[in-house]
Every structure is written in structure tokens, then in C-alpha cells.
1. Name the single residue, out of those in region 137-171 being out of contact with any Phe, Trp or Tyr (no Cβ under 8 Å at 6 or more places or on another chain) and among the hydroxyl-bearing types (Ser, Thr, Tyr), that is surrounded by the most Cβ atoms within 10 Å (Cβ to Cβ).
2. Need pairs with beta-carbon distance below 7 Å; first residue surrounded by 13 or more Cβ atoms within 10 Å (Cβ to Cβ) and within region 177-188, second in a loop (DSSP other than H, G, I, E, B) and hydrophobic (A, V, I, L, M, F, W, C); sequence gap 6+ or separate chains.
3. Would you point out the residue of region 1-56, among those that are hydroxyl-bearing (Ser, Thr, Tyr) and modelled with pLDDT of 75 or more, that is surrounded by the fewest Cβ atoms within 10 Å (Cβ to Cβ)?
4. Among the residues of region 115-134, count how many are of a type in the set (Ser, Thr, Tyr), buried (at least 18 other Cβ atoms within 10 Å of the Cβ) and out of contact with any His (no Cβ under 6 Å at 6 or more places or on another chain).
5. Among the residues of region 66-75, are any buried (at least 21 other Cβ atoms within 10 Å of the Cβ), under 28 Å from residue 29 (Cα atoms) and not aliphatic (A, V, I, L, M)?
6. Filter region 90-142 for residues that are of a type in the set (Val, Ile, Thr) and in a strand (DSSP E or B); which is modelled with the lowest pLDDT?
Amino acid sequence: MDFEKWQLSCSGGTTNSNNWCSDLRRCLELPSLEWFSFHLRREWGPVTLGAIPKLRRLSIGAYQYYSTIGHLLTILGPQLDHIDLDISGSGLAQDEIEQLVMVIQRHASRVRTLAIQSYHIPSTPFIDDLVAHLPCLLHLHCGYGSYSNAIFDRLPRGLRTLQLEGTYRHPFPVQDAIKVLDRVRQGQSELDALSVVVQSDHAELADLASACTRSEVRFRVLKLEKVDILSMGVTHDTCAPFEPSRLFS
């Protein structure tokens, strides 16, 4: 069966890992598969895959970080334009952060859209350094705690859409974000859309909205909603899947 354009979603890891790996390979052998989205519920061994010529987007949800995620990004990363990663349960430990950053830098450095979020705040704001190694990045979503105010000095010049999750624990770094908007006015940044995801009202965002208006950058505030993430019975605050083309439609 030949699909001209196909998105495939599945959930794996509840059965024998060998069977699941076999099922995964069959899914990815669809000749016109462009977007593969799946929910990983357990660890399984290294994956051997053949060529998947049209695959451009990979979306992975997991209750915790598994090395399987790194294996898949190592194999598929060079051809991907869009990567989504949502760790809904235990979050990212320091060694897991280091593995994820290394794999993306080495094998997915040409990615154009990147979205990473986690239920628990990571031990370090790892996206600060990661973005400096992604020169082709156009659209970026950072989950709360995955970035700090330092990220605004390291964003690629060509970045067009930036979506950041705030947290009630800390005020949003408005003044650092305004520096990016100043660079837009100076022709040193191509950012044209900024959205902030918050859990409650943040009065300080009014200054950011005004700065966006002055720089002719579209601005939007999104509210977190409680959802049953990945159909795994784990409910946490999250925002809608990162779709840059829909943010300001």
C-alpha cells in the first residue's frame, strides 16, 4: 500500500521488546512515511533500521528518558527536519541530558524545528548550549526549566519562531528577551513570532508585549492546560503540540 503522505502514530513497549522492534521496523518501512509519532513505555535494545527516505518528523513521548530515544535519533537524526520530545514522568537526569544533547549535536544538527518538554524541571538548562550548535534552527519550543536567561544570547540568527514555557517558581526573563527584540530592529535577528506559555497571569509580560510591538514581532501568551499526556494515565500541565504554522493563525 503506497501512501503519498502519511503520519503514523502508535504506542509501544507493552509487549515483548523483540516483537515491538519488529513492529517498529515494519511501520518505518512504509515508503512514503513522512511523520512518525509514537509513545515509548519501556526500554528496548538497539534498533536496526533500513532507509526511510521520506521521513522528516519524529515525535517521541515517554514516561522517562530511555536510551532507545538516543538510538533512534542517532539513526534518523541526519534526515529529520522536526523533532518533538516529551518526557512526561520522571524528567531528565544529568547523564540523560548529556546523552540527549550529544546525540542531537552530532546527528541532528540540521534540524529546523525542535520541541523538548518535560514534566519535571531538568537539573540544568541544557537547551542554552544546545541551540548554539543548531545553525539551521527555525522554530524552537523549550519546556520550563530547560532554558535560562542565557539562551537569548545564543539563539541562531535565523530563528523565526520561539515558544517558551514559564514557571511559577521564577519570573519570566523579560529583559533578556527584549534584547533579542532589539536585535530584530537592528537586523541582527530574523525572529518574527514569540509566544510564552504560562501557568498563571504574569504582569511583567506587558513590557514584553510592548517590545514585540515595537519590533514588529508577533506575540502571544498561552495558558497551560491539564491533559492526559500520551494516554498513559499521567496528568500534568502541558501546552498543545508545537506547530509553528498554527501559533498565530
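1. In this case the residue turns out to be 147.
2. Pairs that qualify, where the first residue is surrounded by 13 or more Cβ atoms within 10 Å (Cβ to Cβ) and the partner is in a loop (DSSP other than H, G, I, E, B) and hydrophobic (A, V, I, L, M, F, W, C), are 180/155; 180/191; 181/217; 184/191; 184/217.
3. 32
4. 1
5. Yes.
6. Filtering first and then ranking leaves 116.
Residue by residue, here is whether (1) touching a His at 6+ places or on another chain (Cβ under 7 Å); (2) in contact (Cβ under 8 Å) with a residue 60 or more places away in the chain; (3) over 17 Å from residue 122 (Cα atoms) holds:
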residue: 39; (1), (2), (3): no, yes, yes
residue: 42; (1), (2), (3): no, no, yes
residue: 48; (1), (2), (3): no, no, yes
residue: 76; (1), (2), (3): no, no, yes
residue: 82; (1), (2), (3): no, no, yes
residue: 88; (1), (2), (3): yes, yes, no
residue: 93; (1), (2), (3): no, no, no
residue: 101; (1), (2), (3): no, no, no
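The values are calculated or read from the model by the stated rules, or taken from the named source; none is laboratory data. Predicted, not measured: the structure shown is a model, and the values here were computed from it. Please note: Cβ atoms are built from the backbone with ideal geometry, for glycine as well, and neighbour counts cover all protein chains shown.
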